[in-house]
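K.L.:
Once you've had a glance at the structure underneath, I'll fire off some questions.
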Amino acid sequence: MNIKLLNNKKAPLPAAIFLSALLSVPFLSSCGDGSRTASPPPPVDDTVGRNVNYPNSPNSPNQPQARRGLSTGQKVAILAGAAALYYLYQQRKNAQGAGLNGKYYLSKNGRVYYRDNQGRAHWVTPPQGGIRVPESEAQQYRDFQGYNGRSTGRDLTDIAPQEAPAY
């Protein structure tokens, strides 16, 4: 039995070079200058089941319990729902950094979010019992849903910027 070897090796060498180059493309494209040209990752809704202690929250462990009845103390308003979210956004919109204590953003759809260190968006939900705010400071939120337990009023879609992302 005679086996004839092909003397023409022109086709296997270019094919091998082409396949090698094709296999090296993913490795070379992952080595960049570190700038991100892709859109940020999708938002994470990890607020279900979390107990987040916001400042001035009535459920906060380091806040003294409010006394019942008449007092000469400062009057407070309870912000919940849209009013609480707008209050939190106003408090954190100029903050530096990332994460829960970093900068807060307002999306086109009227939701408040922050970004973690990986750039993922996390939705902010108002605390369960609302946020106690001095009445003089809370006056600017009186038109929003959730001001002193109201279920009517404006929501955050009314004030959402048009250039914001719509997550």
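The values are calculated or read from the model by the stated rules, or taken from the named source; none is laboratory data. It should be emphasised that the depicted structure is a prediction, and the values quoted were computed from it without experimental measurement. Here the Cβ positions follow ideal geometry from the backbone for every residue, glycine too, while neighbour counts run over all protein chains shown.
K.L.:
Whether any residue in region 104-115 is at pLDDT 90 or above, among the small types (Gly, Ala, Ser) and closer than 25 Å to Ser151 by Cβ is what I want to check.
P.N.:
no
K.L.:
Restricting attention to region 99-153, which residues are under 27 Å from Gln74 (Cα atoms) and aliphatic (A, V, I, L, M)?
P.N.:
Residues satisfying the conditions are Ile131, Val133, Ala138.
K.L.:
Starting from region 120-132, take each residue that is at positive phi and crowded, with 20+ Cβ neighbours inside 10 Å and list its partners that are among the aliphatic types (A, V, I, L, M) and assigned to a strand (DSSP E or B), counting only C-beta distances under 6 angstrom and pairs at least six apart or across chains.
P.N.:
Listed pairs, sorted by first residue: Gly130/Ile78; Gly130/Leu79.
K.L.:
Okay, next question. Quick check on my filter: what residues within region 92-115 are part of a loop (DSSP other than H, G, I, E, B) and without any contact (Cβ under 8 Å) to a residue 40 or more places away in the chain?
P.N.:
Lys93, Asn94, Ala95, Gln96, Gly97, Ala98, Gly99, Asn101, Gly102, Lys103
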